[in-house]
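Okay, so here's the structure we're looking at.
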2 protein chains.
Amino acid sequence: VVSGAQGFIGSHLVRRLLDEGHSVGALVRTAKSTLDRRAVTLLSDGSTEGIFECLKAFSPDAAVHLASRYVAQHQASDIDGLIDDNLRFGCQFVDGLARCGVTRLVNIGTSFEHFHSDDYKPASLYAATKYAFHALCAYYADARGMWIVTLKLSDTYGPSDPRPKLIPLLIRCLKTGEELKLSPGGQSVNFAHVDDVVSAIQLALARAEPPPVSQMESFAVRGSEQLNLKEFVELFSEIAGSSLNVSWGARPYRDREVMVPWLGQLLPGWQPRIPLKSGLRNILADVV
Amino acid sequence: VVSGAQGFIGSHLVRRLLDEGHSVGALVRTAKSTLDRRAVTLLSDGSTEGIFECLKAFSPDAAVHLASRYVAQHQASDIDGLIDDNLRFGCQFVDGLARCGVTRLVNIGTSFEHFHSDDYKPASLYAATKYAFHALCAYYADARGMWIVTLKLSDTYGPSDPRPKLIPLLIRCLKTGEELKLSPGGQSVNFAHVDDVVSAIQLALARAEPPPVSQMESFAVRGSEQLNLKEFVELFSEIAGSSLNVSWGARPYRDREVMVPWLGQLLPGWQPRIPLKSGLRNILADVV
């Protein structure tokens, strides 16, 4: 069973699992067209019991928790959504899994939990809610015998990305020629390809069988290349064979901008296979 | 400003602060008769903006976050309340404080975050929500320059305790002679007197001025004596001068019963002053 199955990473994961012959349940509040028709839609009302009933009916072997609300810099009005989506729903999901006897969970964290490469220093309230959920998971791991592997993702990219992130913005800029205002561009960026991320999730799922070393494990998942933003945009422009109308320094660095990404321990046995150039080339081939 | 000002510890803290001449705001959803009349009632509608407006109007120098929902062993139906009270409200409170420029916060955790005396192993989902809130606080400490001292309390006791806890149950048992069913009684218990807890909170408040060593600190607050439950009830009975109708072993140990309390580092400069015997004698003098 997958939460967030209709999101960017979720839809890629669901397709891969279905292609490999797995039966996949997608726990959703509203069914969207992005959901693969071969998946089983588990439509919940969002209540703790409703979610449990969905899980019980599908009776999954394992779970992937991808559902998440991302807010780069929160306003006070974002608090309800961050708590509801990243903590309440997460807790309902894992509690429902525990009640159904599901013991394998892959949870998704973020490299932003490690501002300044600290053991724990959240770059944003969003990152703090991710770590706070990890703290709730520790109860279920220890008290209910769940095996929970948390993958802390860097930025991600890939085909058909609906998120208002850098690469989709660069593609729009390429198509329309409109100006893109960016920071001075000195921050390092790291993009993991969604196909590599999906492979990492599959490996993490397999990790719980046979029993893993620990009930709770956390690993980094990131791309192989680390460039600064300016270098990245140059590479993108070079592959696209077209210059981009980027205004460097037209906006300031974000408060608590991550200048140097965290380089935590990678998921053992996994490494990124898709070089950034190939990944970008594929995306641009689709676009142009 | 104090959250949870109408609770057991809160009402004792508010009285002490008022007695010492401080102006105290009590952030509440519903005003109760337990609130000292000298306190300023800050009645919020529970929304993020409502809480912020209350805080802004009072303009506190420092804050104590005592509001909490305690659930010994959660059912699925407890999840909403635990998330709302221990995470959403806590986050709204600390976010509102940050927006008001308040930098001193004393937060209350629980020794139950340290099952088997582990660095972090929650004995219950309640304890996990307490630690998860601590994870949210880390964002405000680092990003908003707050100084947050978390006091992790053992069991607490004192006069006029309305909570359905062991000592109030023993008092009822003493008065009515009715049977009290307890576990086999081998677990160690540790009770901190509420007056000692209030002193610890005051010292923790003072700790943030001058600037403390770290933006985030956590300390233990507990009573000086550690007895097993059977010894404790014998002591109680001896002080009361009356035997109690206790059925030992009539109920099993709780799942994840804490058999040996965590002995974390005490708040520097603080130690419990009220011996258990005196504390119990005072309570029993009030009762009999």
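A short reminder: the numbers here are calculations on the coordinates, not readings from a lab. Please read all numbers here as calculations on a predicted model, not as lab measurements. Backbone-built Cβ (ideal geometry, glycine too); neighbour counts: all protein chains shown.
Peptides B:3-11, A:205-213, B:126-134 ranked from most to least packed by the mean count of surrounding Cβ atoms within 10 Å: B:126-134, B:3-11, A:205-213. Shown for A:D119: label points 7 Å from Cα along the beta-carbon vector, and their distances to the equivalent points in the other copies, 0.4 nm in ascending order. Ignoring lysines fewer than eight residues from A:K130 along the same chain, the ones with Cα atoms less than 21 angstrom from its Cα are A:K121, A:K152, A:K165, B:K121, B:K130. Highest GNM mean-square fluctuation among B:L55, B:L267, B:L182, for chain B modelled with Cα contacts below 10 Å: B:L182.
Simple rule: put +1 on each Lys or Arg Cβ and -1 on each Asp or Glu Cβ in the protein assembly as shown, find the dipole, and look at A:S247, B:S224, B:G186; the Cα lying farthest toward the positive end is A:S247. Each residue of segment A:71-80 was assigned a 3J(HN,Hα) from its phi angle through the Karplus curve 6.51 cos²θ - 1.76 cosθ + 1.60 (θ = phi - 60°); the sequence is 9, 5, 9, 7, 9, 3, 6, 7, 4, 4 Hz, with glycine and proline shown as x. Counting only aspartates and glutamates at least 8 places from A:K230 when in the same chain, those with an alpha carbon closer than 13 Å to its own are A:E238. In plain terms, the residue of A:T156, A:T41, B:T176 with the fewest other Cβ atoms within 10 Å comes first and the most crowded comes last, giving B:T176, A:T41, A:T156. Summary for A:R99: label point 7 Å along Cα→Cβ; distances to the equivalent points in the other copies, ascending, 3.5 nm.
Of interest is the spacing of the C-alpha centroids, which for segment B:141-177 and segment A:257-288 amounts to 50 Å. Adding -39500 (n - 2.57) for every DSSP H run of four residues or longer, then dividing by how many residues chain B holds, sets the calculated 222 nm ellipticity at -11500 deg cm²/dmol.
Inter-copy label distances at A:E20, shortest first and taken from points set 7 Å along Cα to Cβ: 6.0 nm.
Put a plus charge on the Cβ of each Lys and Arg, a minus charge on the Cβ of each Asp and Glu, and nothing anywhere else: the dipole of segment B:109-240 about its Cα centre is then about 340 debye. With springs only between Cα atoms under 10 Å, which of A:S77, A:S111, A:S44 fluctuates most in a Gaussian network model of chain A? Of A:S77, A:S111, A:S44, the most mobile in the Gaussian network model is A:S77. Under 16 Å of direct C-alpha separation, and excluding same-chain neighbours fewer than eight residues apart, A:K56 reaches these aspartates and glutamates: A:D45, A:D95. Within the listed set B:V102, B:V198, B:V40, the Gaussian network model of chain B (springs between alpha-carbon atoms below 10 Å) gives the highest mean-square fluctuation for B:V40.
Mean per-residue shielding of peptide B:115-122 is 3, counting Cβ atoms of other chains within 10 Å of each Cβ.
Using the 10 angstrom Cβ neighbour count as an exposure proxy, how do A:V233, A:V71 rank, fewest first?
On the way: A:V233 21, A:V71 17.
So the ranking, lowest neighbour count to highest, is A:V71, A:V233.
Round to a whole angstrom and tell me the spacing of the C-alpha centers of segment A:1-60 and segment A:220-243. If we compute the Cα centre of each part, the gap is 33 Å.
Amide H contacts under 5 Å for B:K152: B:G109, B:F219, B:A220, B:V221, restricted to partners 5 or more places along the chain or on a different chain, H placed in the peptide plane at 1.01 Å from N. Near B:H114, the amide H atoms lying under 5 Å from its own belong to B:K121, B:A123; only residues 5 or more places off or on other chains count, and H is placed 1.01 Å from N. Amide H contacts of B:N228: B:V189, each under 5 Å away and 5 or more positions distant or on a separate chain (H built 1.01 Å from N in the peptide plane; Pro and chain starts excluded). Using R0 = 22 Å, the C-beta based FRET efficiency linking A:S237 and A:V260 works out to 0.40. Of all beta-carbon atoms in chain B, the one sitting closest to the axis that brings chain B onto chain A gives B:A132, 2, with the distance in whole angstrom. With contacts taken as Cα pairs under 8 Å and at least 6 residues apart, segment A:73-191 reaches a relative contact order of 26 percent.
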